[in-house]
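Quick notes on the structure that follows.
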Ligand code: CP3
């Protein structure tokens, strides 16, 4: 009886002492451009946890930096853009991505696939709304004022921007799959900040183009966002095989909100891992049970591992998911 597969968003980095030690002194985006570091950081969590997949160590802004956008990841803050994109002429700074812009990604994926054997490597990219939010607002934002005002007020420029970002994303995911990534996740982390109607009108057509472009490769496509309870059906409709679910909605309810044929991924609140083990165990069991009502379930957190998480708890949780899911299936 196969157990429920499990991996963790942000399993590579942040919470691991060996990650902090090896990263010390290297800016995040420099680390993302060095194949040996990418490979090491991708493999680190696999030495501790019996997870069923590796996630490529990279960042959603890597392809933007690679085409020359002035962007950096400020420690403790996130991506910061030198000259935000807010007008038609600004778009000229977004040229398409060629594989030659990110040889370090191809090299790292190739090395990882050789190293991982049967264990799949998950490639990823940022979703159109989330990438646009950093480029337009200029950095992390709580209310996405400028991004949303562009989306509402200038649909022509918005669609031109998302079309460019979508082309870049198709190229970025395509080269990861070509080098051997066996699944992809589109992180449209902040898409949950808009309404279903606006998502359908202003974002979904672009995400759909990404998933359609990947369809011929046959790799499973995961679509994730935070605060997306009202968007789950649309995230699936965009063409994903697996819909990521955060902790705000139980998986059995999420299963009712997606079309038939979609698997779910999620959805333990990452903050639960800071509670005593008895709590983690009880809540994880509940997620596994509810996940059984979906057409397929990949256990994950509802968002990334928090930096203060004890890696020992993640190791124990991974084993629990495997054991408990087999027990329930008997
Ligand atoms: O498992 C993994 O860690 C895989 C690699 C990965 C990173 N970023 C490395 C990273 C992945 C999949 C991402 C995706 C990403 N990056 C997203 C989508 C996922 C999500 O969390 O919703 C977003 C929005 C970003 C942009 C980003 N990068 C932010 C907001 C931050 C700063 C806040 C933070 O989480 O620390 C980053 C930096 C970043 N990306 C770090 C890592 C390991 C921390 C940098 C460091 O260690 O100094």
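Across region 25-42, what is the total count of residues that are within 30 Å of residue 292 (Cα to Cα) and free of Cβ contacts under 8 Å to residues at least 40 places away in the same chain?
Of the residues in region 25-42, 0 are within 30 Å of residue 292 (Cα to Cα) and free of Cβ contacts under 8 Å to residues at least 40 places away in the same chain.
In region 138-145, the count of residues that are surrounded by 22 or more Cβ atoms within 10 Å (Cβ to Cβ) and in contact (Cβ under 8 Å) with a residue 60 or more places away in the chain is zero.
Hey, can you tell me all the residues within region 45-75 that are within 10 Å of the ligand (Cβ to nearest atom), under 19 Å from the mean Cα position of the chain (by Cα) and either surrounded by fewer than 17 Cβ atoms within 10 Å (Cβ to Cβ) or outside any strand (DSSP E or B) (or both)? Steps first, answer last, please.
Step one: list which residues in region 45-75 are within 10 Å of the ligand (Cβ to nearest atom), which gives 45, 54-62, 73-75.
Now narrow it down to the ones that are under 19 Å from the mean Cα position of the chain (by Cα): 45, 54-62, 73.
Result: 45, 56, 57, 58, 59, 60, 61, 62.
The residues of region 1-24 that are assigned to a loop (DSSP other than H, G, I, E, B), away from the ligand (no atom under 11 Å from the Cβ) and either in contact with a helix residue (DSSP H, G or I) (Cβ under 6 Å, 6 or more places away or on another chain) or over 29 Å from residue 290 (Cα atoms) (or both), listed by number, are 1, 3, 4.
Take the residues in region 77-92 that are more than 7 Å from the ligand (Cβ to nearest atom) and part of a loop (DSSP other than H, G, I, E, B), then tell me which one is farthest from residue 133 (Cα to Cα). Write out each step before concluding.
To start, the set of residues in region 77-92 that are more than 7 Å from the ligand (Cβ to nearest atom) comprises 80-92.
Imposing the further condition that a residue be part of a loop (DSSP other than H, G, I, E, B) reduces the set to 82-88.
On the way: 82: 14, 83: 13, 84: 10, 85: 10, 86: 11, 87: 14, 88: 16 Å.
Applying the filter and picking the extreme gives 88.
Residues considered: 186, 165. Of these, the only one that is outside any loop (DSSP other than H, G, I, E, B), buried (at least 23 other Cβ atoms within 10 Å of the Cβ) and within 13 Å of the ligand (Cβ to nearest atom) is 186.
Mind counting the residues in region 25-42 that are in a helix (DSSP H, G or I) and within 12 Å of the ligand (Cβ to nearest atom)?
Within region 25-42, the first condition is being in a helix (DSSP H, G or I), and the residues that meet it are 28-31, 35-42.
Retained after the next criterion (residues that are within 12 Å of the ligand (Cβ to nearest atom)): 28-31, 37-38, 41-42.
Count: 8.
Residue count for region 233-249 satisfying the condition of being under 16 Å from residue 189 (Cβ atoms) and more than 15 Å from the chain's Cα centre (by Cα): 4.
Quick one: is residue 260 out of contact with any helix residue (DSSP H, G or I) (no Cβ under 7 Å at 6 or more places or on another chain) and either modelled with pLDDT under 95 or more than 25 Å from residue 44 (Cα to Cα) (or both)?
On the way: out of contact with any helix residue (DSSP H, G or I) (no Cβ under 7 Å at 6 or more places or on another chain): yes; either modelled with pLDDT under 95 or more than 25 Å from residue 44 (Cα to Cα) (or both): yes.
It is true that residue 260 is out of contact with any helix residue (DSSP H, G or I) (no Cβ under 7 Å at 6 or more places or on another chain) and either modelled with pLDDT under 95 or more than 25 Å from residue 44 (Cα to Cα) (or both).
Is there a residue being within 12 Å of the ligand (Cβ to nearest atom), free of Cβ contacts under 8 Å to residues at least 60 places away in the same chain, within 25 Å of residue 8 (Cα to Cα) and not in a helix (DSSP H, G or I) anywhere in region 109-123? No; the residues of region 109-123 include none that is within 12 Å of the ligand (Cβ to nearest atom), free of Cβ contacts under 8 Å to residues at least 60 places away in the same chain, within 25 Å of residue 8 (Cα to Cα) and not in a helix (DSSP H, G or I). When the residues of region 292-330 are filtered to those that are over 20 Å from the mean Cα position of the chain (by Cα) and surrounded by 21 or more Cβ atoms within 10 Å (Cβ to Cβ), the one that is nearest to the ligand (Cβ to nearest atom) is 317.
Note on region 91-105: residues that are within 20 Å of residue 30 (Cβ to Cβ) and touching a helix residue (DSSP H, G or I) at 6+ places or on another chain (Cβ under 6 Å) total 4.
The values are calculated or read from the model by the stated rules, or taken from the named source; none is laboratory data. On a predicted model such as this, the values are computed, not experimentally measured, just so you know. Counting neighbours? That spans all protein chains shown, and the Cβs are built from the backbone with ideal geometry, glycine included.
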